[in-house]
Amino acid sequence: MSTAAPGPGPAPAPSPVHYYYDLMSQPSRALFIIFRLSGMPFQDCVVALRNGEHLTDEYKTNINRFQRVPCINDNGYKLAESVAILRYLSAKGKIPEHLYPKYFVDQARVDEFLEWQHMTLRITCALYFRTVWLEPLLTGRTPKEDKIEKLRMQMELNLDVIEDVWLQNSDFVSGSTLTAADIFAACEIEQTRMADYDVRIKYPKIRAWLKRVRQTCNPHYDVAHEFVYKISGTGPQAKL
Ligand SMILES: N[C@@H](CCC(=O)N[C@@H](CS)C(=O)NCC(=O)O)C(=O)O
């Protein structure tokens, strides 16, 4: 029988990243798809925005001081902002290089899109979705036609840029293969389905690109968009 005192033993394994998200949120879906494609284990922490679960003091203090999704807690390290989360987990080696390159030249090409999209594609698609779908649901009031028209035009200015610039000579927004940039962009555009906007009518390149993104990301893309398909009443296969 051994009399040796028990040693310190192996350090306890770190727990998987806690991921706080709601699949009704575009950046939440983007990270969800990226994590699944990366094979990165994560602890599911679903936050139901519709029930105001992010508006409690407990959420503000313990989860995210900005009271939004998505965000993570990596063994005590709390981080918000989807793009910052992507870069952090990439630096930790959790995201494969084909989704977010490590080589600075290739990485800058993906960053170029990620920086562009916040104040352009995201803001205008999200505003259209909010005004046409979310606010009427919350307030019972229908927005004025001229307001919807103005928001649609602003959104289409950015969809024009995706069609004519980002997809001008390539199959994906940052080059010939899918990266995180495509996933962020597709999730923003898919949100407008719920406001009955069909991007495929005016934009043939976006239409073909969305199909490529979905195919490359499936089955995770369809899992992430299950609510979007259900609420909009349009599956990805729906004909015009
Ligand atoms: N820039 C942030 C945007 C986060 C954001 O706008 N989240 C929305 C859902 S898409 C949210 O949590 N909204 C809740 C609220 O504003 O009350 C990111 O990329 O993570």
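The values are calculated or read from the model by the stated rules, or taken from the named source; none is laboratory data. Keep in mind the model is a prediction, meaning the values are calculated, not measured. Virtual Cβ from ideal backbone geometry, glycine too; neighbours counted across all protein chains shown.
Take the conditions out of contact with any strand residue (DSSP E or B) (no Cβ under 6 Å at 6 or more places or on another chain), within 25 Å of Ser90 (Cα to Cα) and part of a helix (DSSP H, G or I) and apply them to Val213. Does it pass? Here the answer is yes, as Val213 does meet what is asked.
Answer yes or no: is there a residue in the stretch 138-161 that is hydroxyl-bearing (Ser, Thr, Tyr), closer than 30 Å to Lys60 by Cβ and either free of Cβ contacts under 8 Å to residues at least 60 places away in the same chain or surrounded by fewer than 20 Cβ atoms within 10 Å (Cβ to Cβ) (or both). Checked against the condition, which is being hydroxyl-bearing (Ser, Thr, Tyr), closer than 30 Å to Lys60 by Cβ and either free of Cβ contacts under 8 Å to residues at least 60 places away in the same chain or surrounded by fewer than 20 Cβ atoms within 10 Å (Cβ to Cβ) (or both), the stretch 138-161 yields at least one hit.
Out of Asp146, Asp182, which single residue is among the charged types (D, E, K, R), under 19 Å from Phe35 (Cα atoms) and not in a loop (DSSP other than H, G, I, E, B)?
When all the criteria are applied, what remains is Asp182.
Counting only residues that are under 10 Å from Ile72 (Cα atoms) and acidic (Asp, Glu), how many does the stretch 14-34 have? The qualifying residues number 0.
Of the helices (runs of 4 or more DSSP H) entirely within the stretch 19-126, those holding at least 2 residues that are at pLDDT 95 or above, within 13 Å of the ligand (Cβ to nearest atom) and farther than 30 Å from Val165 by Cβ occupy 57-62. When the criteria are applied in full, Ala80 fails the requirement of being surrounded by fewer than 20 Cβ atoms within 10 Å (Cβ to Cβ) and touching a residue at least 60 places away in the same chain (Cβ under 8 Å).
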